[in-house]
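Below is one structure, written out as structure tokens, with a few remarks after it.
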Amino acid sequence: GQQLNQSPQSMFIQEGEDVSMNCTSSSIFNTWLWYKQDPGEGPVLLIALYKAGELTSNGRLTAQFGITRKDSFLNISASIPSDVGIYFCAGRSSNTGKLIFGQGTTLQVKP
Amino acid sequence: DTEVTQTPKHLVMGMTNKKSLKCEQHMGHRAMYWYKQKAKKPPELMFVYSYEKLSINESVPSRFSPECPNSSLLNLHLHALQPEDSALYLCASSYQREGSYEQYFGPGTRLTVT
């Protein structure tokens, strides 16, 4: 089945540093979504991407839909303590319509 | 407004109990989803309703029974669960139309089966 490889698995950074994470797949997706999940809560949608090559920002967050349609990355600039959480990428399969999730990147920020 | 609500927030049930989880959205979304999530893992799709009809069942055991009474409501009926069914159960919804596939999640119900 379709799988997403999300990396890194975890990151421990200093407040103020920039962060980058990415997802890759052997399959083509027509939509990429990035979510953040706090402990005990549901995932919150951060950014949605629909076109290959598309670069979209949401405050300090920037995400790109890879030109091959098989990858996406998320950057967080000038990290702050409230950025702590698990970040998931999700690709929407054009065949099944299902969201395929990456395994998540756990981000910890040291004040 | 991108709010999906879920009740209850927490649920503890014995293996012989019958309980229901409820989900509601008023965004006009016509697709609704149930996911199961274990700690530090991504959500796993269980069921999809599209226009109030069950369109996807990911081979979920029959002790989980979904119901979509109308376009705003989604229930998950639970009966004779096992301890390994303890997890965070997430509801989500989406427009499910070209160019608008974002899924919005509720806060989840933390289920513990004793």
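What is the magnitude of the charge dipole of the protein assembly as shown about its Cα centre, with +1 placed on the Cβ of each Lys and Arg, -1 on the Cβ of each Asp and Glu, and no other charges, expressed in debye to the nearest 20? Each step should come with its number before you reach the end.
Details: 21 positive and 19 negative charges, 102 e Å.
Dipole magnitude for the protein assembly as shown comes out near 480 debye.
Under a crude label model (7 Å from the Cα following the beta-carbon direction), how far is residue B:20 from residue B:39 in nanometres?
Output for this residue pair reads 3.1 nm.
Identify, among B:51, B:62, B:11, the residue whose Cα sits farthest towards the positive end of the charge dipole of region B:2-114, taking +1 on the Cβ of Lys and Arg and -1 on the Cβ of Asp and Glu, with the dipole about the Cα centre.
Sorting the options by dipole projection puts first B:11.
Note down the relative contact order for chain B as a percent, whole number, built from C-alpha pairs under 8 angstrom at least six residues apart.
Working: 287 pairs, mean separation 41.9, N = 114.
That works out to 37 percent.
With +1 on each Lys and Arg Cβ and -1 on each Asp and Glu Cβ, how big is the dipole of chain A about its Cα centre, in debye rounded to the nearest 20? Mind showing how you got there, number by number?
Details: 8 positive and 8 negative charges, 89 e Å.
It works out to roughly 420 debye.
Relative contact order of region A:13-78: what whole-number percent is it, with Cα pairs under 8 angstrom and at least 6 residues apart? Intermediate results must be reported in sequence, preceding the final value.
On the way: 125 pairs, mean separation 24.9, N = 66.
Relative CO of region A:13-78 lands at 38 percent.
In whole percent, what relative contact order does chain A give with Cα contacts below 8 Å and a gap of six or more residues? Each step should come with its number before you reach the end.
Working: 290 pairs, mean separation 40.6, N = 111.
Relative contact order of chain A: 37 percent.
Give the separation of the Cα centroids, region B:69-114 to region A:7-72, in Å.
23
Once the principal axes of the Cα atoms of region A:1-94 are found, what is the range along each, listed largest first in whole angstroms?
36, 26, 20
Pick from B:63, B:30, B:97: which is most flexible by mean-square fluctuation in a GNM of chain B where alpha carbon atoms under 10 Å apart are linked?
With Cα springs under 10 Å in chain B, the top fluctuation among B:63, B:30, B:97 is at B:97.
So, in nm, how far is label residue A:78 from label residue A:3 when the simple model puts each one 7 Å beyond its Cα toward the Cβ?
3.9
Can you check what the net charge comes to around residue B:96, using other residues whose Cβ is under 13 Å from the Cβ of residue B:96 (Lys, Arg +1; Asp, Glu -1)?
Details: positive: A:92, A:98, B:30, B:53, B:97; negative: B:52, B:98, B:102.
The answer is +2.
How big is the shadow of the Cα convex hull of chain B, averaged over all directions, in nm²? Numbers along the way, then the final one.
Numbers: hull surface 27.4 nm².
Average projection, Cα convex hull of chain B: 6.9 nm².
How would A:36, A:70 line up from fewest to most surrounding beta-carbon atoms within 10 angstrom? Kindly include the intermediate steps, with their values, before the conclusion.
Numbers: A:36 20, A:70 16.
By the 10 Å Cβ count, ascending, the order reads A:70, A:36.
About the Cα centre of chain B, what is the dipole size in debye to 20, counting +1 per Lys and Arg Cβ and -1 per Asp and Glu Cβ, all else neutral? Could you put the intermediate results ahead of the total?
Numbers: 13 positive and 11 negative charges, 78 e Å.
Rounded to the nearest 20 debye, it is 380 debye.
In a Gaussian network model over chain B where Cα atoms closer than 10 Å are linked, find which of B:62, B:93, B:50 has the largest mean-square fluctuation.
So, out of B:62, B:93, B:50, the one fluctuating most is B:62.
Just tell me how shielded B:32-43 is by partners: mean number of partner chain Cβ atoms within 10 Å of each residue's Cβ, no decimals.
Working: counts 0, 2, 0, 4, 0, 4, 0, 1, 8, 5, 15, 8.
Mean partner-chain Cβ count within 10 Å for B:32-43: 4.
Of the peptides A:52-60, B:4-12, A:20-28, how do they stack up when ordered by the mean number of other Cβ atoms within 10 Å, highest first? Before the final figure, lay out the partial values.
Numbers: A:52-60: 13.0, B:4-12: 14.9, A:20-28: 18.0.
Packing order, densest peptide first, comes out as A:20-28, B:4-12, A:52-60.
Using +1 at the Cβ of each Lys and Arg and -1 at the Cβ of each Asp and Glu in region A:8-72, identify which of A:47, A:13, A:37 lies farthest towards the dipole's positive end.
The residue sitting farthest along the positive end of the dipole is A:47.
Take the residue pairs A:98/B:9; A:51/B:22; A:70/A:98; A:36/B:18; B:18/B:40 and return only those whose Cα atoms are more than 23 Å apart. Please report the intermediate quantities before stating the final value.
On the way: A:98/B:9 26 Å; A:51/B:22 35 Å; A:70/A:98 16 Å; A:36/B:18 32 Å; B:18/B:40 27 Å.
Violating the 23 Å Cα-Cα cut-off are A:98/B:9; A:51/B:22; A:36/B:18; B:18/B:40.
Need one value for A:33-39: mean number of C-beta atoms belonging to other chains within 10 Å of its residues' C-beta atoms. Could you put the intermediate results ahead of the total?
Working: counts 3, 0, 5, 0, 8, 1, 2.
Mean inter-chain Cβ contacts per residue within 10 Å come to 3.
Computed from the coordinates by the stated procedures, all read-outs in this text should not be read as laboratory data. Everything numeric in this text was worked out from a predicted model, so none of it was measured. Cβ: placed from backbone, ideal geometry, glycine included. Neighbour counts: every protein chain shown.
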